[in-house]
Amino acid sequence: MRKTTNISPVRTLMKLTLFSFLLIFPASISAQQTSLSILTQKASELGIDESHITRLQERAKANGISGDQLAEILEPAVTLAEGDLPFDMILEKTSEGLAKKVPSHVLLNVLQGLQEATQQSVNIVDPWMQKSGVQNMLERTESEESVQQFRNNLLKSTGRALNQGLTEQSVTDFMNELNNDEILSKINANEIVTSLTILPDLPTSSDNPELSGKLIIQSIKGGFKSADLQKLPSAMQMAQSRGQLPVGNIVNGIFQQLEIGAPATNILQGLFDGKIGGPPAGVPGRPGNPIDGSGNG
Amino acid sequence: MKSKVLTMLFIAYLLPFPALSQDLQTSVTSEFRVGYSSNTYLNPFFSEWDRTYNSGYGLAATFGQLFWDKNRHKFELNGGYVFEPFFTGQSTWHGHLAYARYIGQISSKLHAGFNIGTSGFQSDFDRNLHWVQPYITWFPSSFTSLHFKAGSNFREYVGFQDSLNINNRLDSYALEMESWIGFRWQLKGGIYGNFENLPAIQNGISTSFSLRHLFVNGSRITSELQFINYSSEFTTTVDEGGGPGGPFGPPGGTTETQSINDQIWRIKLEGSYPVSNNTSAFISAERSLYESSSINDGIGDFQISGGVRFSLTPNLFTSGKRTIEPIWTEDTDQYTLRIKYRGSGNLFLVGDFNDWEMPGIPLREESKNTYKTVLKMEPGLYEYRILVINGSDEKWLEFSNNTSTVKDGFGGTNALKIIE
């Protein structure tokens with residue numbers, strides 16, 4: 001009797017738990033499906049390609065991501081689409097994150113950050129594109145269709161820069177520096193996008209984005225084209241690694257070379273070889289070349 | 001023999017660290033030169049005062065460098081061989097040079113480390129040098145460095161000036177400075193001395209100052225003016241006081257104790273022209289004037305030479321982490337991506353090109369170790385990675401330092417391709 005009395009509340013509790021599961025679990029599955037299907041429908045209405053969503057759904061499922069989590073992941077793209085803002089970058093980043101098997105909470109954080117940065121970037125890009133110098137440059141070099149593409153690329157690059165920690169003010173200042181007759185006469189839309197793309201990747205950008213901006217501006221003035229600009233971040237990182245010098249030395253070295261008219265290819269090669277920035281090879285702190293023409297062994 | 005053992009020890013030190021290979025870089029430089037000099041003091045790698053070698057000469061030298069860099073630590077190992085024949089029949093000057101250097105970055109303005117090395121050269125006499133020098137470098141500004149080093153040099157001369165054998169140890173110190181004025185002007189100075197002379201530094205001290213001017217515009221022209229002063233009291237041993245340019249003594253040598261003040265002026269002009277990314281041609285001319293309190297007239301010498309230098313940066317240590325360097329070429333409306341890859345598995349291009357769909361666009365083997373794919377691409381920015389699939393293993397390949405990359409936001413990097 002004592003035994004029965006003791007077990008009975010446990011059994012009752014188990015029955016209640018099972019009953020609760022039966023009630024809640026199907027509802028949970030149903031809720032997930034609902035939130036995802038509502039979002040998918042909304043996305044489709046806003047112009048997001050339905051087949052793209054389906055592809056993401058399949059990849060998410062393969063990665064073990066639930067429908068609920070996927071709905072959360074897609075939310076930033078839908079929010080941007082609602083604001084008539086480019087959302088491709090969010091979808092691309094989602095695809096990339098899924099391909100790289102990034103955990104869903106990390107992916108969600110990155111996408112939410114990108115969404116906020118893209119929304120912020122509109123406040124920078126749209127007023128900038130209305131400036132007369134920029135308008136003249138676009139009329140000269142771009143078709144109407146490519147102007148829209150240019151805006152999207154600018155929003156993408158600006159959003160990326162903001163998402164990597166640059167402030168709205170520093171990006172705005174940089175773009176205002178670009179709005180200069182001398183600069184705009186030398187570059188096209190692609191080079192502007194490239195400039196913004198590399199801005200957060202320069203080793204100076206975390207501490208001194210203003211210096212990074214000046215460096216890009218001077219590089220453009222010195223004849224750097226899009227392909228040269230693309231190599232600048234990795235070349236500077238290489239110079240920093242080889243020389244173990246403060247990055248300010250490297251920037252100063254580039255400024256000086258630009259000042260005396262050294263070609264972009266020479267400057268980049270010098271950076272990759274660790275020969276630009278402060279004292280040259282062969283002195284303390286630098287990887288000395290045993291054969292440096294000094295004549296001494 | 002000692003020097004060979006030391007060299008092997010350095011190499012042995014590096015070999016057990018395959019995990020370091022991802023941060024290990026290599027470079028190889030070769031130089032071929034012909035020239036004429038009136039004094040071997042001006043000859044590359046010779047730097048011994050001998051005016052009887054008034055001769056045309058050749059030079060072939062190859063040096064390799066291993067360079068490891070991680071966070072605040074840098075280690076480099078340099079070694080090479082020099083072969084310097086003379087056209088008028090004197091014995092060839094040949095031998096090796098090897099040194100290792102460690103640099104620790106205490107702060108952005110303060111570095112500390114050590115230099116340990118050995119060299120052994122043979123000709124009419126043998127010269128072996130071994131040294132170990134801890135040092136500290138301070139960067140008071142972006143363009144100025146102050147460098148203090150102190151350590152021991154072990155010198156061995158066998159059969160010097162026909163019969164003299166010298167075996168000594170010098171405990172020396174040096175304080176050097178270098179400053180760049182507007183990039184084009186480089187000012188260097190140094191004070192060198194031996195501890196045994198302290199506190200009477202006038203008994204063995206040398207100073208050196210040089211001013212270089214660079215003209216850079218594709219080609220490079222360097223002019224250099226150097227003034228070296230040796231103040232010393234010495235007896236029979238050849239003693240240059242730890243200064244630059246290797247052991248130096250007055251012509252003829254002496255066994256008496258003397259106080260001597262030697263001064264050397266050197267002016268040098270060198271021009272180099274980049275023939276290709278890895279090759280440059282150069283010419284060099286140098287004039288020197290030696291004056292001493294022990295002689296009445298100054299002694300003038302000259303050196304003129306020209307040649308080519310080759311530099312390569314092979315990826316020799318890639319077993320730990322293979323790196324690849326994508327090469328893009330454009331042909332009308334399509335783009336070809338080529339990658340050199342030595343390893344097993346199938347390569348795939350994954351990125352904005354294909355919405356990061358796995359496994360991606362396959363790269364076909366075009367020739368041995370070269371893979372390619374051809375794409376039609378609209379103007380825009382494309383981020384991508386290369387995936388290698390080997391059975392059930394999937395691995396993202398790392399890009400070389402020469403590749404344009406951007407941060408991917410997830411803590412890694414993507415390669416970047418911009419289509420205009």
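Here is how the numbers come out for the structure above:
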{"quantity": "Candidate set: region B:26-45, residues that are at the interface with another protein chain (Cβ under 10 Å from one of its Cβ atoms) and closer than 15 Å to residue B:97 by Cβ; chosen: the one nearest to the chain's Cα centre (by Cα)", "calculated": "B:29"}
{"quantity": "Count of region B:391-409 residues which are among the aromatic types (Phe, Trp, Tyr) and surrounded by fewer than 17 Cβ atoms within 10 Å (Cβ to Cβ)", "calculated": "1"}
{"quantity": "Residue match in region B:355-368 (condition: among the hydroxyl-bearing types (Ser, Thr, Tyr), surrounded by 17 or more Cβ atoms within 10 Å (Cβ to Cβ) and not in a helix (DSSP H, G or I))", "calculated": "no"}
{"quantity": "Filtered residues of region B:68-107 (kept if assigned to a loop (DSSP other than H, G, I, E, B), surrounded by 15 or more Cβ atoms within 10 Å (Cβ to Cβ) and modelled with pLDDT under 90)", "calculated": "B:90"}
{"quantity": "Residue in region B:117-127 that is facing chain A (nearest Cβ under 9 Å) and either surrounded by fewer than 18 Cβ atoms within 10 Å (Cβ to Cβ) or within 23 Å of residue B:193 (Cα to Cα) (or both) present", "calculated": "yes"}
{"quantity": "1 or more residues among the polar types (S, T, N, Q): qualifying helices (runs of 4 or more DSSP H) within region A:117-220", "calculated": "A:132-141, A:144-163, A:168-178, A:189-198"}
{"quantity": "Filter pass, residue B:230 being at pLDDT 70 or above and within 30 Å of residue A:264 (Cβ to Cβ)", "calculated": "no"}
{"quantity": "Test result for residue B:348, under 25 Å from residue A:94 (Cβ atoms) and either surrounded by 16 or more Cβ atoms within 10 Å (Cβ to Cβ) or modelled with pLDDT of 90 or more (or both)", "calculated": "yes"}
{"quantity": "Residues located in region B:90-121, provided they are charged (D, E, K, R) and in contact with a Gly (Cβ under 9 Å, 6 or more places away or on another chain)", "calculated": "B:101"}
{"quantity": "Pick from region A:64-91, criterion surrounded by fewer than 18 Cβ atoms within 10 Å (Cβ to Cβ) and more than 23 Å from the chain's Cα centre (by Cα), ranking: nearest to residue A:103 (Cα to Cα)", "calculated": "A:64"}
{"quantity": "Of all residues in region B:386-416 being within 8 Å of another protein chain (Cβ to nearest Cβ) and of a type in the set (D, E, K, R), the one that is farthest from residue B:354 (Cα to Cα)", "calculated": "B:407"}
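Per-residue answers, yes or no, for (1) within 25 Å of residue B:382 (Cα to Cα); (2) free of Cβ contacts under 8 Å to residues at least 40 places away in the same chain; (3) β-branched (Val, Ile, Thr); (4) surrounded by fewer than 23 Cβ atoms within 10 Å (Cβ to Cβ):
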| position | (1), (2), (3), (4) |
| --- | --- |
| A:193 | yes, no, yes, no |
| A:203 | yes, no, no, yes |
| A:209 | yes, no, no, yes |
| A:230 | yes, yes, no, no |
| A:240 | no, yes, no, yes |
| A:252 | no, yes, no, yes |
| A:255 | no, no, no, yes |
| A:261 | no, yes, no, yes |
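The values are calculated or read from the model by the stated rules, or taken from the named source; none is laboratory data. Quick caveat, the model's predicted, so the values are computed rather than measured. Every residue, glycine among them, receives a Cβ derived from its backbone with ideal geometry; neighbour counts consider all protein chains shown.
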